Number of protein chains: 4
Amino acid sequence: MKNALIVGATGFGGLGLIDILTKHPGIRISGLAALDHGIKISDMYPHLRGICDLYVKSPEDINTDNTDIVFLATPDQVGMNLVHKFYDRKIPVIDFSGDFRFHSLDDYKTYARNKGMSESHSSPELLEESVYGLPEKNFNRILTAPVIGNPGCFAMAMILALLPAAENGLLKGSTLICDGKTGVSGAGINPGKSNSYPLRYENSNTYREGKHQHLVEVENVINYSLKNKSEQYKIFFVPQIVPMNRGILMTVYADIDPKFDTKTINEFYKEYYTKSPFVHISESSPNTSEVRGTNRCCIKVLVDNRTGKLLVISALDNLLKGQSGNAVQNANIRLGMDQDAGLNLNPIYP
Amino acid sequence: MKNALIVGATGFGGLGLIDILTKHPGIRISGLAALDHGIKISDMYPHLRGICDLYVKSPEDINTDNTDIVFLATPDQVGMNLVHKFYDRKIPVIDFSGDFRFHSLDDYKTYARNKGMSESHSSPELLEESVYGLPEKNFNRILTAPVIGNPGCFAMAMILALLPAAENGLLKGSTLICDGKTGVSGAGINPGKSNSYPLRYENSNTYREGKHQHLVEVENVINYSLKNKSEQYKIFFVPQIVPMNRGILMTVYADIDPKFDTKTINEFYKEYYTKSPFVHISESSPNTSEVRGTNRCCIKVLVDNRTGKLLVISALDNLLKGQSGNAVQNANIRLGMDQDAGLNLNPIYP
Amino acid sequence: MKNALIVGATGFGGLGLIDILTKHPGIRISGLAALDHGIKISDMYPHLRGICDLYVKSPEDINTDNTDIVFLATPDQVGMNLVHKFYDRKIPVIDFSGDFRFHSLDDYKTYARNKGMSESHSSPELLEESVYGLPEKNFNRILTAPVIGNPGCFAMAMILALLPAAENGLLKGSTLICDGKTGVSGAGINPGKSNSYPLRYENSNTYREGKHQHLVEVENVINYSLKNKSEQYKIFFVPQIVPMNRGILMTVYADIDPKFDTKTINEFYKEYYTKSPFVHISESSPNTSEVRGTNRCCIKVLVDNRTGKLLVISALDNLLKGQSGNAVQNANIRLGMDQDAGLNLNPIYP
Amino acid sequence: MKNALIVGATGFGGLGLIDILTKHPGIRISGLAALDHGIKISDMYPHLRGICDLYVKSPEDINTDNTDIVFLATPDQVGMNLVHKFYDRKIPVIDFSGDFRFHSLDDYKTYARNKGMSESHSSPELLEESVYGLPEKNFNRILTAPVIGNPGCFAMAMILALLPAAENGLLKGSTLICDGKTGVSGAGINPGKSNSYPLRYENSNTYREGKHQHLVEVENVINYSLKNKSEQYKIFFVPQIVPMNRGILMTVYADIDPKFDTKTINEFYKEYYTKSPFVHISESSPNTSEVRGTNRCCIKVLVDNRTGKLLVISALDNLLKGQSGNAVQNANIRLGMDQDAGLNLNPIYP
């Protein structure tokens, strides 16, 4: 049994990890830390009574003895300051923010600028060693990486929808349109306008059109894998919030070589994800309710003959495959376990 | 005071008309008819007690005396069989279905085929005289048309988003992508899987991708207004249901001539809708909650310099500007009143 | 046309007033004030564009010239400090908080204690002159009162359900059970745990059982109206939040003299509210959707023969009859207009 | 590994069983049957792909060989006709309807009458042998019963809230008030007005006040366990629907002997449920979100000193402890396993 430490235990990321790890066959929680510390997690969250009754400690009081892996389920620019405590002791780190999703400082700066944050990074020397925590692409590098940057939820939905087409050179044109719909939990646990019930119920809207910070990591991954480096794809990503709590529904549009039809594309996708246990290529239109409570991503591809467009639809649970579930998948790989250990979760339906 | 007859009074279309007309300064309800007849509308819908307590009659018992206008808030292929009763008495008809949205039988057949219905039309001789009930475009023809085909809700959101760009020749390329999100009330009042609470709460999904019946009317209107007829636009429309009741959020993507920027496009749109009291060009991202309970359509335009794409976002209340509100706007025009009579509705917020 | 000033214009109470008064035939908004001031209300709330574009001023910059009435849509213990500015100029004040709901300082202290606030009142000399703004009971006193304390939303639902039975001496026993379900908007506009979407969706719970601050005003009103003063009723009120935005559903249980049946009680209620245009006694079970967007309160009474219990069910929109709608009703009365001026609102349905 | 057959596999009850049993350590699904048969369950419900891909057979084609237990997740008056097929082969039956919840035909008739059904029972000879499937009370009888009548969801919430107080003689007076709020999934999977999204969103209402069919089973259980048989309790149950999908929140009111305070009652409850792993006595107010996706029932007790009333609040997931979860708990007991096998489910939160 491996020991995992969760920093940022009291946000949605931390709660997701607690949920999964309390049922995990190979990883147990050895400690919880968060800024709002000093009481039992189950006194703060009564739904955890009898499931996890550990005290939440201050991040300053973290004891790294016997720790096999650490999850930094913390906001941007927290992990970059905590990481050396673990890195220096050779404890692998999985960070939930954008801090370690980029190999170059320039990319990080673009990300930070898009998000309206300071562009300075306090541990830039670790960027090159860190890996983007996308098991469907970077499995081998995750096996040994000291720091794993867990992808953004929207980015995950875009990348899984695009990778097989991009890597196989099926796409024409340089701009890929990503129309992304997320549930409200994507805004995190801290109360504000973006997760206010009266403002979000019965309301859908776009925001930060073309400027969402997840853009950078998607373009990075998609273009990194291009055989022909001269053709760099650009993403036009329009994020939207719809009145549900969990779930992302992504519709991706691209121009496609007219020689391909739905059946062929479908086979490319099935083939590409043949070893990816959580990506399901579907012939029916994915519903976010199908993946609710699971680590799955359901994908449907369709070539519209009338217009010559490829449509790829992906659906995932933003708190699982879009966050904690994928983080545990990374941890499983990094710790040498089956990547699906503790993650064969049934959807909650209805 | 003009007298209006409502056929199909017990569905969402009929209820919307009752709501508006019971407060209308120039039109009163002279009769209600529906298949589920025989009791007072307020016994079926207690929220109408004291607001509208008329009996619902059988469509067969309709008395057209003193009727100035009739609303056929009925499903597809009902109005085509009822229409002559009114047409022959020179009573203007506003039909809510696809029956009179097309000038040619061919277009109707495509519509019907997309919807999986019989392609036969029982009153084809009226198609040419009928007008597509889009006040923002067909105001003058609505003034005298004997039959007005009220647009589909999704079509309205697409057309209002596209018209100014299409008519001004701002667009490049032939395919326009329309990613449409609707609330559940779009599925109507009859219980089924598409409006089941357990199946729709916390669920978003696409359906009939590229094959929704509203496609035809949008392509018709957009291409009809093209100066250069050789460039026919095609719409790739991907409808989606999100877990709200009212509201449509449409995101439209097109290639744009690089000489245009957001500011210029914005001015084109403002200019185009300068006489359209219900279309608001907005610099903030439209929220469906802004238009909930109103006849408004809020539109934002944005040119994404990175990718050379035009994004147009439109938001409307599918039961009002997308249905009954627009129908009353048509009736106002047809009856010679101000087009906004009875329609200056405040949004219900929050 | 009378001039109304709204202080606290940017909360749900203020927004509700703006909604009603922009359509009111006899009252216009002459000024808006709030702590978050300095911009147009429609820049803060885009849904108000073209409906109300007034600047929001600082409460300190209020100009009382030509003001006929002032609404203090402010939290507890704000109005008590602002009131003299208006009282001294003989401008009638309608306060939305608990500041002026009580004639005695002792009652106010109990209220404040239940709510966990300071018990000191800065304008106690006005308590005796002020009136509890319940038109169904205090119509005549509202006609001339200098200060009107607008009731709490839950209190309104309890009082309207109980008054006819209590005043007619129909009840046995001393404890009345009030089981109250409210939508999330009752928690106001400021973001916090109690109106967080992720925490409130798919969640129902009780809170402050038997200790909610609205208890005091209900017991006051019910017992004030008792013919036999020796029998003071006590309320056991259990407030609950359910995952909707607007609406209160109250179920009230009491022991009843066995000689009464449903029919008789129903007649007592109809008779009692015969001059109250907004209280509807219903034979069908009230739905909160029936009253959504209206100033109505729907009430059903039922005597359960098996158990000898009286059940009274009341439903209202907490932001209208439970707040702004009732405030305007009070203003109408105070300004000598018809009490329903501007308040004949149709429900938004569905 | 024991083999379980699920009849009525395509409703919410069946889906709940499939969810639990596909992860159960000791029971596997050996067959699925339902009226809508002929395809794979995962073709009907794509969320089950890779989780359960069994064909759904006609109930007539059921093969009982090697079946260790059968779940009849069927509506009222279906199980009574199917039961002998299993009973005669000594296969234990767990029925989800009211068919086997009563020992006497008279009680069944009252139940059927309240529900507006035919009062005739086709297997009345099995009523006496059957047991009410309430593990917290009837554990020993469930161990060997040939037929187990799984309780109604509302009944479960009432009974668990009342049992300790009733059995310990803590209550005064004869009427217990049960104010029950349920999510929409309680109305089942078949589309109708009671589970229509447009009619249920933003809507709360009471229904069948004092006449809900679950009354009978609650009174049966509560009074059966009374030491003093002369004091029969009556339940005044007022069911309500609130706009959530899963969850029941029950508030129970009773008169209580003034010598008891909250602390004492709390201890009675803790003691009573000391061997019941799924009943949690809580000092914080139960939230339905705490039990969402679990087999738990959270209960809080409170004595209101001002009014002399006992309040008991219970919260459970109507599809789990209120249906399939409890059914599996019964199956575990009946098959000699730990009662919590396969049922240590974490809540889905948020």
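Here are some notes:
- For C:Glu167, the test of being of a type in the set (D, E, K, R) and at pLDDT 95 or above is failed.
- Sole exception among (1) over 17 Å from B:Phe96 (Cα atoms); (2) touching a strand residue (DSSP E or B) at 6+ places or on another chain (Cβ under 8 Å); (3) in contact (Cβ under 8 Å) with a residue 24 or more places away in the chain for B:Leu72, by number: (1)
- Just one of the listed residues (D:Ala187, D:Ala161, D:Ala145, D:Ala165) is closer than 26 Å to D:Tyr207 by Cα and buried (at least 22 other Cβ atoms within 10 Å of the Cβ), and it is D:Ala161.
- Check on B:Asp304, under 23 Å from B:Ile20 (Cα atoms), acidic (Asp, Glu) and out of contact with any Pro (no Cβ under 6 Å at 6 or more places or on another chain): no
- There is no residue in the range D:10-27 that is out of contact with any helix residue (DSSP H, G or I) (no Cβ under 7 Å at 6 or more places or on another chain), free of Cβ contacts under 8 Å to residues at least 40 places away in the same chain and either at positive phi or basic (Lys, Arg) (or both).
- Lone unmet requirement of (1) outside any loop (DSSP other than H, G, I, E, B); (2) touching a strand residue (DSSP E or B) at 6+ places or on another chain (Cβ under 8 Å); (3) over 21 Å from C:Ile222 (Cα atoms) for C:Glu125: (2)
- Being modelled with pLDDT of 95 or more and under 25 Å from C:Arg292 (Cβ atoms) holds for only one residue in C:Ile69, C:Ile27, C:Ile39, and it is C:Ile27.
- Pair list, Cβ < 6 Å and 6+ apart or interchain, from the range C:198-223 residues that are within 29 Å of A:Ser185 (Cβ to Cβ) to residues that are of a type in the set (S, T, N, Q) and not in a helix (DSSP H, G or I): C:Pro198/A:Asn245; C:Tyr201/A:Asn245; C:Asn203/D:Asn287; C:Asn205/D:Ser285; C:Asn205/D:Asn287; C:Thr206/C:Gln240; C:Thr206/D:Ser285; C:Tyr207/D:Ser285
- Condition check for B:Gly152: closer than 30 Å to B:His280 by Cβ, modelled with pLDDT of 95 or more and out of contact with any Pro (no Cβ under 6 Å at 6 or more places or on another chain): yes
- Test for B:Pro124: is it in contact (Cβ under 8 Å) with a residue 24 or more places away in the chain and more than 24 Å from B:Ile189 (Cα to Cα): no
- Matching residues, the range C:25-47, being hydrophobic (A, V, I, L, M, F, W, C), in contact with a Phe, Trp or Tyr (Cβ under 8 Å, 6 or more places away or on another chain) and crowded, with 17+ Cβ neighbours inside 10 Å: C:Leu32, C:Ile41
- Against the list (1) surrounded by fewer than 19 Cβ atoms within 10 Å (Cβ to Cβ); (2) not in a loop (DSSP other than H, G, I, E, B), the condition C:Thr274 fails is (2).
- One residue stands out among those in the range A:277-292 that are among the aliphatic types (A, V, I, L, M) and either modelled with pLDDT under 95 or more than 18 Å from A:Asn138 (Cα to Cα) (or both): the one that is surrounded by the fewest Cβ atoms within 10 Å (Cβ to Cβ), which is A:Ile281.
- Residue that is modelled with the lowest pLDDT, among those in the range B:293-308 that are more than 8 Å from chain A (Cβ to nearest Cβ) and more than 19 Å from B:Glu271 (Cβ to Cβ): B:Asn305
- Scanning the range D:82-108 for residues that are among the charged types (D, E, K, R) and in contact (Cβ under 8 Å) with a residue 12 or more places away in the chain gives D:Lys85, D:Arg89, D:Lys90, D:Asp95, D:Asp99, D:Arg101, D:Asp107.
- Those residues of the range A:246-265 which are assigned to a helix (DSSP H, G or I) and away from chain B (no Cβ under 14 Å), in sequence order: A:Lys263, A:Thr264
- The residues in the range D:171-184 that are out of contact with any Ser or Thr (no Cβ under 9 Å at 6 or more places or on another chain) and surrounded by fewer than 24 Cβ atoms within 10 Å (Cβ to Cβ) can be counted, and the count is 3.
- Within the range B:293-306, restricting attention to residues that are in a loop (DSSP other than H, G, I, E, B) and of a type outside the set (Val, Ile, Thr), the residue that is surrounded by the fewest Cβ atoms within 10 Å (Cβ to Cβ) is B:Asn305.
- Residues considered: D:Leu311, D:Leu343, D:Leu320. Of these, the only one that is buried (at least 24 other Cβ atoms within 10 Å of the Cβ) and assigned to a loop (DSSP other than H, G, I, E, B) is D:Leu320.
- Residue within the range A:279-292 that is outside any helix (DSSP H, G or I), in contact (Cβ under 8 Å) with a residue 40 or more places away in the chain and in contact with a Cys (Cβ under 6 Å, 6 or more places away or on another chain) present: yes
- Members of the range B:49-63 that are modelled with pLDDT under 95 and not in a loop (DSSP other than H, G, I, E, B): B:Pro59, B:Glu60, B:Asp61
The values are calculated or read from the model by the stated rules, or taken from the named source; none is laboratory data. Only a predicted model underlies this, so the values are computations on that prediction, with no experimental measurement involved. All Cβ positions, even for glycine, are placed from backbone atoms using ideal geometry, and neighbour counts span all protein chains on display.
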